[in-house]
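For reference, the structure discussed in these notes is given below.
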C-alpha cells in the first residue's frame, strides 16, 4: 500500500503549531499623531496674526458693501427725482420749420454749399432747451441719397422762445443727381426739387439754472423748392420730431 502524500502546510502556518502570520498592506497602516500636535494646531489657529487677518478681511467686505449701498441709494434718488420732474413738467420737443434755402458753388470742383435757415420754437412753458453740438449731425438727402452733411449750431433757448438758426452743409464728392444739377445750373429750369433734412440732435432740458435729462431727437424736415439757387422759394414743407429719452445726466 503506497504511503500517503503529505501536503505543504497552509500559508502562515509553521509545522503543526496553531500559529498564523497576518499581513496588512502598507498603505492601510495609519499613524495617529499624539494629542500634543492637536494643541499646537489649535494655538496656531487662534494666534493674534490670524485674528487680525480675519478681522481685516471682514472690514474690507463690510466697507465694499457700504459703498455699494451708498451708490445704489444715490442712483435711485436721482432716478426718482428725474422721473418726478419729467411727469411734473411734461417736457415737449422743439418745433421746426424751414424758412429759406440758399445754394452756391465754390472752387474748380464746384462743390455745392447749402445754407438752410430754420425756425425753432421751444413750446415748453417752464423748461429751457440746450442743443449740444457734440451730437448734432445733419444730413441733406435727395430721394434717399446723401448729398450734403453738416452740424446743427449750438443753441440755448428759454421757455417759450422762438429762434432762427442757419445750418451750413457741404456737398459730398459724389456726382449730383441730374435733377439737382440741372436745377443749379439751368436758370430756365422750372422743375421743383424735393429734399429731406435729417437731424440727430441732443437736446437737454434745464430749469432754474439746473440742467436736467438729455433727450435724443430725430428730426426730419421734408420740403420742396422751386429751384436750387440764391432766390429759391419754399413750395411746401413738413417737419416731424421723435423724442428718445437717454440715461445721461
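Things to note:
- Candidates 220, 161, 167: the one that is under 27 Å from residue 236 (Cβ atoms), buried (at least 19 other Cβ atoms within 10 Å of the Cβ) and modelled with pLDDT of 90 or more is 167.
- Some residue of region 175-185 being in the same structural domain as residue 236 (by TED's automatic domain parsing), crowded, with 16+ Cβ neighbours inside 10 Å and within 31 Å of the chain's Cα centre (by Cα): no
Here's the yes/no breakdown for (1) part of a strand (DSSP E or B); (2) at pLDDT 90 or above; (3) touching a strand residue (DSSP E or B) at 6+ places or on another chain (Cβ under 6 Å); (4) exposed (fewer than 15 other Cβ atoms within 10 Å of the Cβ):
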residue: 78; (1), (2), (3), (4): no, no, no, yes
residue: 88; (1), (2), (3), (4): no, no, no, yes
residue: 96; (1), (2), (3), (4): yes, yes, yes, no
residue: 99; (1), (2), (3), (4): yes, yes, yes, yes
residue: 115; (1), (2), (3), (4): yes, yes, yes, no
residue: 118; (1), (2), (3), (4): yes, yes, yes, no
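- Within region 186-201, being farther than 16 Å from residue 102 by Cα and within 35 Å of the chain's Cα centre (by Cα) holds for 198, 199, 200, 201.
- Among the residues examined, residue 145 does not qualify as touching a helix residue (DSSP H, G or I) at 6+ places or on another chain (Cβ under 8 Å) and surrounded by fewer than 16 Cβ atoms within 10 Å (Cβ to Cβ).
The values are calculated or read from the model by the stated rules, or taken from the named source; none is laboratory data. As the structure is a prediction and not an experimental result, all values here were calculated from the model. Here the Cβ is made from the backbone with ideal geometry for all residues, glycine too, and neighbour counts use every protein chain on show.
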